[in-house]
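Contents: one structure, followed by commentary.
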Amino acid sequence: MSWRAPHLSATTLVLLAASPAFAHTGEGVAGGFLGGFEHPISGPDHLVAMVAVGLWGAFLGAPAIWLLPIVFPLVMTIGGVMGIIGIPIPGVEIGIAVSAVMLGLAVALAVRPPLWVAAILVGAFAIFHGHAHGAELPEAADAIAYSAGFVLATGLLHLTGIAFGTLSRWPAGTIAVRAAGGAIALAGVVFLSAVI
């Protein structure tokens, strides 16, 4: 029991020290599958929001445990195409930061909306994440391979959230999952403060 508090504190400090929008510099991102795969993992703003989708799905249980992590990459792909072809979406960075705040709070506060509301919320945030991924597509990169990379990495981040979120089956696990949601929301506030 004693290892949990320091571990959670260390995780929170890492999230707070993370540089927001790190994934959106456009520098050093390789093209193709590996570049796409790296994008969501290298940006802490994407990483925490995508883990939060899996956490929330696991917390809500079936069918949300599989539906939310399917809705997110499907809708994210639409946002990605919009980014690739240059359709502007205002406030992308704000939308990404707000996604971490809202999804983290949903987990932390044990919000249990109807499934369709959760799916619409997750889908709306996915547009912003996808647009950022698509807009960062390096020149002369294979758009299909790049997109496959970022969708696969997103799925793995969702699975990470689901794996941790299944701890909510037990009382102590519920506390840990909700605390992780709080840490994600707090990280989102830090990201938001850096973009507004």
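Some notes on this structure:
- Qualifying residue in the stretch 147-163 (condition: farther than 24 Å from L67 by Cβ and hydrophobic (A, V, I, L, M, F, W, C)): no
- For the residues H39, H46, the requirement of being modelled with pLDDT of 90 or more, open to solvent by less than 10 Å² (accessible area, probe 1.4 Å) and within 26 Å of D142 (Cα to Cα) singles out H46.
- For the stretch 91-113, the tally of residues that are more than 22 Å from A176 (Cα to Cα) and open to solvent by less than 10 Å² (accessible area, probe 1.4 Å) stands at 3.
- Residue in the stretch 70-82 that is open to solvent by 40 Å² or more (accessible area, probe 1.4 Å), within 21 Å of A180 (Cβ to Cβ) and not polar (S, T, N, Q) present: no
- Pairs where the first residue, in the stretch 130-143, is farther than 15 Å from I89 by Cβ and the second is open to solvent by 60 Å² or more (accessible area, probe 1.4 Å) and among the aromatic types (F, W, Y), C-beta under 8 Å, 6+ apart: D142/F33
- Qualifying residue in the stretch 11-31 (condition: part of a helix (DSSP H, G or I), farther than 22 Å from T166 by Cβ, open to solvent by less than 30 Å² (accessible area, probe 1.4 Å) and modelled with pLDDT of 95 or more): no
- Filter result (in a helix (DSSP H, G or I), open to solvent by 50 Å² or more (accessible area, probe 1.4 Å) and not polar (S, T, N, Q)) within the stretch 158-172: L159, A163, F164, L167, R169, P171
- Counting only residues that are part of a helix (DSSP H, G or I), of a type outside the set (F, W, Y) and free of Cβ contacts under 8 Å to residues at least 12 places away in the same chain, the stretch 108-123 holds 2 of them.
- Residue ID - farthest from D45 (Cα to Cα), chosen from residues in the stretch 119-131 that are open to solvent by less than 30 Å² (accessible area, probe 1.4 Å) and out of contact with any Ser or Thr (no Cβ under 9 Å at 6 or more places or on another chain): A119
- Number of the condition not met by P6 [criteria: (1) more than 20 Å from V190 (Cβ to Cβ); (2) outside any helix (DSSP H, G or I); (3) at pLDDT below 95]: (2)
- Residue among G134, G155 that is surrounded by fewer than 23 Cβ atoms within 10 Å (Cβ to Cβ) and in a helix (DSSP H, G or I): G155
- Leading residue by the ranking (farthest from V101 (Cα to Cα)) among those in the stretch 173-187 that are hydrophobic (A, V, I, L, M, F, W, C) and open to solvent by 40 Å² or more (accessible area, probe 1.4 Å): I175
The values are calculated or read from the model by the stated rules, or taken from the named source; none is laboratory data. In this text the structure is predicted, and so the values were computed from the model without any measurement. Don't worry about glycine lacking a Cβ; one is built from the backbone with ideal geometry, like all the others, and counts go over all protein chains shown. Please note that ligands, DNA and RNA were not included when accessible areas were found on the heavy atoms of the full protein model with its side chains. Shrake-Rupley method; radii C 1.70, N 1.55, O 1.52, S 1.80 Å.
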